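A.B. asks: Attaching a single structure in structure tokens format; questions to follow.
The values are calculated or read from the model by the stated rules, or taken from the named source; none is laboratory data. Quantities reported herein were computed from a predicted structural model and do not represent experimental measurements. With ideal geometry, Cβ positions are generated from the backbone for all residues, glycine too; neighbour counts draw on all protein chains shown. These area figures cover heavy atoms from the full protein model, side chains too; ligands, DNA and RNA do not enter into them. Shrake-Rupley method; radii C 1.70, N 1.55, O 1.52, S 1.80 Å.
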Amino acid sequence: MKVSTIESGEISKGASSPRKGMKRGLSIMDFILRIFAAMSTLGSALSMGTAKQTMPFVTRFVRFKVSFHDLPTFLFFVTANSIACGYLALSLVLSFFHIVRTISVKSRILLVFLDTVMFGLLTSGASAAAAIVYVAHYGNPSANWFPFCQQYNSFCGRISGSLVGSFIAVVIFMILILMSGISISKSKH
């Protein structure tokens, strides 16, 4: 019977390497974060996309309506969140593939590139909408833009809530890009 001992610093052929375990852990975390980001962008798009409110004026025949599609910035916001949500749903397939096969590098590079594009799209949509929401809440006296959120409480509450979800997704995209970079740097040394 042949007995072999493993000296410190060596890894036996049957044991999995710590690097592979770390990459698998990063891949599992990547998958979970993508699910959270998809839910966040979907919630933001739905919340903004269904935001509307009608207020009666002096008579019941004259009414003031406000809806998200009245402002092109909010349309861009809904479009950006919808595109990001669709991308995240499709990227779950690659993310699951990385859990199963941790050594794939080219697909990780593609994912980092596409994550960066979606990060830019989502950030620009959320930032543009945040500027409009700020003006809606506080106005701009020097430009004679008056705040209208005192009259449209429900509408402003929904659009503000949708911004929170979108910025959560932006932070998750930052984490995903960093984790993918770490995973790529740990491969094939």
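A.B. asks: Suppose we filter 127, 180 for residues that are within 19 Å of residue 73 (Cβ to Cβ), among the polar types (S, T, N, Q) and outside any loop (DSSP other than H, G, I, E, B); which single one remains?
C.D. replies: Sole residue among the options that is within 19 Å of residue 73 (Cβ to Cβ), among the polar types (S, T, N, Q) and outside any loop (DSSP other than H, G, I, E, B): 127.
A.B. asks: Further question: When you scan region 108-128, do you find a residue that is surrounded by 15 or more Cβ atoms within 10 Å (Cβ to Cβ) and free of Cβ contacts under 8 Å to residues at least 12 places away in the same chain, even just one?
C.D. replies: Taking every residue of region 108-128 in turn, at least one turns out to be surrounded by 15 or more Cβ atoms within 10 Å (Cβ to Cβ) and free of Cβ contacts under 8 Å to residues at least 12 places away in the same chain.
A.B. asks: Starting from region 168-188, take each residue that is polar (S, T, N, Q) and list its partners that are open to solvent by less than 50 Å² (accessible area, probe 1.4 Å) and part of a loop (DSSP other than H, G, I, E, B), counting only C-beta distances under 6 angstrom and pairs at least six apart or across chains.
C.D. replies: 187/105
A.B. asks: So in region 152-163, with the set limited to residues that are in contact (Cβ under 8 Å) with a residue 40 or more places away in the chain and hydrophobic (A, V, I, L, M, F, W, C), which one is most open to solvent (accessible area, probe 1.4 Å)?
C.D. replies: 163
A.B. asks: Sticking with this one: Does at least one position in region 67-84 carry a residue that is modelled with pLDDT under 95 and over 28 Å from residue 124 (Cβ atoms)?
C.D. replies: Within region 67-84 (the criterion being modelled with pLDDT under 95 and over 28 Å from residue 124 (Cβ atoms)), the answer is no, since none of the residues qualifies.
A.B. asks: Being modelled with pLDDT of 95 or more and farther than 30 Å from residue 22 by Cβ narrows it down to one residue among 160, 127; which is it? Break it down into steps so the answer makes sense when it comes.
C.D. replies: Details: 160 fails: modelled with pLDDT of 95 or more.
After ruling out the rest, the residue left standing is 127.
A.B. asks: Continuing with this model, one more query. Could you give me the residue pairs with C-beta distances under 7 Å whose first residue belongs to region 131-151 and is free of Cβ contacts under 8 Å to residues at least 12 places away in the same chain, whose second residue is open to solvent by 40 Å² or more (accessible area, probe 1.4 Å) and in a helix (DSSP H, G or I) wherever it lies, and which are 6+ apart or on separate chains?
C.D. replies: Listed by first residue and then by second, the contacts come to 145/135.
A.B. asks: Can you name the condition, by its number, that residue 27 falls short on among (1) modelled with pLDDT of 85 or more; (2) polar (S, T, N, Q); (3) open to solvent by 70 Å² or more (accessible area, probe 1.4 Å)?
C.D. replies: Failed condition: (3).
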